[in-house]
Structures are given as C-alpha cells and as structure tokens.
Amino acid sequence: LQTHFRRRAANLYIEAVGPWPGTSSCQLSLAQRDHRRFQPTAIARRLANRLLLSREGSAPSRERGEILLSSAVAARVLVALLPILIGRQGEELARQLRNRQGRIGSRHLTVIDDGRLSGGVLATPVDGEGQPTGRRVLIEEGRFRGPLVDWREVRDPTHYSTGCMRRESWRDLPRVGPSHLYIQPREDIKVGTLLSSIARGYYLVEPLGAGRFDFQEDRFRLPVCGFALRQGAATAPLSKAWLEGGIQAFLDGIQAVARDLSFEPLGAMIGAPSLLVGGFGLRGADSG
C-alpha cells in the first residue's frame, strides 16, 4: 500500500493477492482531491471482484447482446478515444466515424472536458501556459463539436480554445491534453435500473488491460471480466473475455447512461458513468 498527499491531490496505489495458492495479483491506482474521499468499502469490493473473477470466471463463447459497462470499463473506452478528442487530426478521424445522421455516437453520448471541475483532482484556473481553463463540450448528444486544440491552432472563429495545455512540472514543456475528461451522466438513472432491464446479457465490472483500438479499421478489443446476466441477476462469473467490435458501432449502440460518474487516473482524470450498450460482441480469448 502506497499513499502520497501533497496539498493538491491524494494518490493511492494498492496491489492485492488472494488467499489461495497461485493467485495472480491485481492492482488499483486511484486519485482524489483529498484523501478522505477514498471509499474503503468500494475499493475492497473492486479488488475482491478482480481476484474472485480471475479464479472462478470462465471465458464466454462468441455472443452478442445487451452489455452493461461499469464506470471503470467505460473510462477505458473513453481514454482510447483521445486520438479523436485531441488535436486537428481528431477532426479527420471523427469524419470517418460519422453515420448517416452526421453523428459519431448515439444521442446519449456527450463528452466534456472541464479544467475547473468542482472538486476535480486537476482543477485549476489556468493551464500550463497561463490561459484560462473552462468547460468544453467535445461531443454533444452524439455530434462531434471539435477537439481540444492549442489556442494557436484555432482557425475558425466559431471554434474556441479553453486552456488545455498540460504541464506536468516545471521540467516539462506544455502539451495539449485533457484535465477532467468525462461522459456526461444522467442523474435520474440508477445502475440498478439498467441492470434490471437486461433480460439476457453481461455486466462488465473491470477492465483487464488497455485494449487495442484501430481507427483506420474501425475495430477495437478490450479485455474485461464480469458476470453473465439473466433477467437482471448474475448467473455466472466471467473472465478472460474480450469486448470487441466496431468503434462507431459501439458509440452508436449506447442506449443509456447512469448517474454513477467516477474518475480514473489514466494520464488525466478520465470519467464515465455506467453505460448500457445494445447488440455488441463479447467472446472468450480462445474463441474463433
């Protein structure tokens, strides 16, 4: 167990090993504005889920259906979308993902970066170059509004640049990057409501790696673990599974977002609520 607290933020890193022989370890890296915001019960539950699923979970056969992603899994998907959300090259990638309605995702998808997020770990009035920070909508109800860009790159007067030049320390040069990047939650939708709506599907609770995202081929694969669901109840543990399919199909398939927004320290603070995605693919590591 390692903790660090230096006025600005508290960082927590935990590595756990199960009590049975031969158990592989699992790790969590978390960050909060204040160390008192860490929730020991929730952290212990996440570690226990990872350890138990790695021991008891089985790989699924190739299947499609409704899938509920926890906030931790959804955050991994969001951080993989950074090539779309940062720099001018993001505009070209977004054009490739547009559907016939001109959207790159469903109307339930709104992505925001906010350098002044209240209580945010990286909240600050100015960025690494002294430019004012603020709230910037990058995707609004599935429509791409524009990437984060350096203020020197703003060419269109209809676009604007909030302070998004990150500088990790005085030793580092400023670079364009998010601070608190998140999918906007719906305060009126509980996770339990989404779970109970799934007649047959999966609940993916933890990512098992960074995954592989190919924007040119419009494909991605993300290793995950979780539970098989029937009528909203868990029926079997799931591990060594891959969430896979088209990037645009995934974004377009988002059917609902919950209210449980939480952030993961993934280079920046990347946040997401639980997401319900319909008609998507899940398979085991050894499936054809």
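Rule-based calculations on the coordinates, nothing more; no lab input. Note that the coordinates shown come from a computational prediction; the quantities given were computed from them, not determined experimentally. Every residue, glycine as well, gets a Cβ built from its backbone with ideal geometry; the counts of neighbours run over all protein chains shown.
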Mean Cα-pair separation over length for the chain, i.e. relative contact order, pairs under 8 Å, 6 or more apart, %: 24
Where only C-alpha atoms are counted, convex hull volume of the range 160-279 per residue in Å³: 147
Cα centroid of the range 10-27 to Cα centroid of the range 186-229, whole Å: 23
Zero-based 10 Å bins, Cα pair distances in the range 1-93, whole percents: 12, 29, 32, 21, 5, 0
Equivalent-ellipsoid semi-axes of the range 84-221, from the Cα gyration tensor, Å, largest first: 29, 20, 16
Mean residue ellipticity (222 nm) of the chain, computed from DSSP H runs ≥ 4 via -39,500 (n - 2.57), nearest 500: -5000 deg cm²/dmol
Set of the range 256-284 residues, backbone N closer than 14 Å to the point 7 Å along the Cα-Cβ line of Arg107: 256-257
Per-residue HN-Hα couplings for the range 254-262 [Karplus 6.51, -1.76, 1.60; θ = phi - 60°; Hz; x = Gly/Pro]: 5, 9, 6, 10, 8, 9, 8, 4, 9
As computed over the range 106-149, the Cα convex hull volume per residue (Å³): 72
Convex hull projection area averaged over all views, the range 223-288, Cα basis, nm²: 6.0
Tail beyond 16 Å, pair distance distribution of the range 52-143 (Cα, percent): 71
